[in-house]
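Here's the structure, in structure tokens; my notes come after.
FYI, it's all coordinate maths here, none of it is from the lab. Source: prediction; values computed, not measured.
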Amino acid sequence: MLTRRAATLAAAAAAQLVDHYGATREIQTKSAGFYQFSGNGEERQAQMDALAKEREETERKRKARDEVGDAVKRKRESEGEERKRKIEAKRREMEEKRKRLKSGSVGGGGGT
């Protein structure tokens with residue numbers, strides 16, 4: 001009995017003590033971003049490195065896309081501001097014209 005226990009303890013000590021999350025052993029809700037890594041340490045590390053590389057690539061592309069989007073947004077905003085300035089200038093012009101017509105018709109002409 002004691003020798004079997006000693007053998008079990010020796011085997012456990014000799015074995016690698018790395019225990020990773022196992023989706024098949026543990027019951028948890030898995031989201032769309034779930035990735036099942038290998039149980040083998042080297043293969044697992046290679047998978048994690050590949051995943052990190054993909055993440056960096058995704059972030060780089062997202063940043064480039066956002067920069068282009070920001071430039072388009074700034075251009076659109078400046079065009080909108082220019083349009084507002086033109087509309088406001090036209091509005092002031094029309095208001096001045098109305099005032100002139102109103103002041104001219106009040107003091108002026110009689111009619112028939």
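The aspartates and glutamates whose alpha-carbon is closer than 17 Å to the alpha-carbon of Lys102, local same-chain residues fewer than 8 away aside, are Glu93. Computed extension length for Ala89-Asn40: 10.4 nm, one decimal, from 0.36 nm per residue of separation with the Cα-Cα distance subtracted.
In straight-distance terms, cross-link reach from Lys97 covers every one of the aspartates and glutamates whose alpha-carbon lies under 18 Å from its own, apart from those fewer than eight places away in the same chain; here that gives Glu88. Students often forget the sequence filter, so: which lysines lie under 19 Å Cα-Cα from Lys53 once same-chain residues fewer than 8 apart are removed? Partners within reach: Lys61, Lys63.
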